[in-house]
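J.: One structure, pasted below without further comment.
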Amino acid sequence: MGETKQPHLNGAYYGPSIPPPSKPSKSYHRPGRGGGGCCCNPFTCCCGCLMNCLCTCICQIVFTILIVVGIIVLVLWLVFRPNAVKFHVNEASLTEFNINNNTLHYNLALNLTIRNPNKRIGIYYDRIEARAFYQGQRFSTVDLQKFYQGKKNTSNVSAEFKGSQLVLLGANEMSKYNEDRTAGKYDIDIKLYLRIRMKFAFVKSTRVKPKIDCDLKIPLSSNGTASGAYEPTRCDFDWR
């Protein structure tokens with residue numbers, strides 16, 4: 001095959017055109033875009049960013065402390081196994097309970113027993129506030145003496161509510177009051193609000209605030225004679 005000449009090339013033949021060399025691909029990371037520079041996670045501290053690393057390490061320390069404290073509390077609970085304190089109202093004397101012109105006049109005395117059934121735990125009663133309610137309305141509050149109760153111990157506590165208090169009872173409440181007066185027994189609710197600490201050997205716990213609820217049916221005594229016998233009542237214990 002003969003050579004082909006191109007007139008516009010002045011008779012010279014340069015062969016086929018050579019394509020430009022391809023540029024080698026480069027892999028690079030543009031700074032400031034996501035994904036690089038820091039390899040932090042909740043359980044490692046390999047950050048290139050100092051502040052992120054510091055925060056992660058602090059979180060690790062706090063997390064470890066919480067785990068250790070939780071394990072200690074669980075072990076103490078399993079060892080000592082604290083049982084709820086038992087409250088009973090063994091005696092109740094109601095010598096006055098009448099409503100006149102929306103004013104309740106009352107005279108109520110209670111004797112309670114508090115039983116600590118725990119073998120290894122003593123209890124500090126830092127505060128015992130007793131509140132008396134009739135049909136949902138509080139008519140008296142007294143503070144009882146604080147004390148320490150040893151292990152496997154039963155303590156006796158007295159509470160006295162005496163005075164007068166304005167009460168606003170609706171038609172239904174007054175109807176219930178008239179029924180109680182006819183029966184000679186009144187449904188009175190006594191609530192005890194406690195602040196206690198528990199003593200484990202030489203360790204004292206922080207204060208807890210359980211509530212004790214005693215639903216009582218108390219006969220009214222007149223001239224030393226009660227309209228019926230009072231039945232000792234166990235109270236409900238609520239850790240709140």
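The values are calculated or read from the model by the stated rules, or taken from the named source; none is laboratory data. As the structure is a prediction and not an experimental result, all values here were calculated from the model. Positions of Cβ are backbone-derived with ideal geometry, glycine not excepted, and every protein chain shown enters the neighbour counts. With ligands, DNA and RNA removed, areas are computed over all heavy atoms of the protein, side chains included. Shrake-Rupley method; radii C 1.70, N 1.55, O 1.52, S 1.80 Å.
Every residue, every condition in (1) touching a Ser or Thr at 6+ places or on another chain (Cβ under 9 Å); (2) surrounded by 15 or more Cβ atoms within 10 Å (Cβ to Cβ); (3) within 15 Å of residue 86 (Cα to Cα), yes or no:
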residue: 149; (1), (2), (3): yes, yes, yes
residue: 168; (1), (2), (3): no, no, no
residue: 173; (1), (2), (3): no, yes, no
residue: 180; (1), (2), (3): no, yes, no
residue: 197; (1), (2), (3): yes, yes, no
residue: 200; (1), (2), (3): no, yes, no
residue: 216; (1), (2), (3): yes, yes, no
residue: 231; (1), (2), (3): no, no, no
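J.: Take the residues in segment 152-177 that are of a type in the set (Gly, Ala, Ser) and under 30 Å from the mean Cα position of the chain (by Cα); name whichever of them is nearest to residue 120 (Cα to Cα). Reasoning before the result, please.
T.: Taking segment 152-177 and keeping what is of a type in the set (Gly, Ala, Ser), we get 155, 158-159, 163-164, 170-171, 175.
Then keep just the ones that are under 30 Å from the mean Cα position of the chain (by Cα); that gives 155, 158-159.
Working: 155: 17, 158: 26, 159: 29 Å.
By that ranking, first place goes to 155.
J.: Which of the following residues is at negative phi, outside any strand (DSSP E or B) and open to solvent by less than 40 Å² (accessible area, probe 1.4 Å): 118, 107? Even if it seems obvious, please write down each step before you answer.
T.: On the way: 107 fails: outside any strand (DSSP E or B).
After applying the criteria, what remains is 118.
J.: If a residue has to be more than 36 Å from the chain's Cα centre (by Cα) and either at negative phi or crowded, with 20+ Cβ neighbours inside 10 Å (or both) to count, how many in segment 90-104 make the cut?
T.: 7
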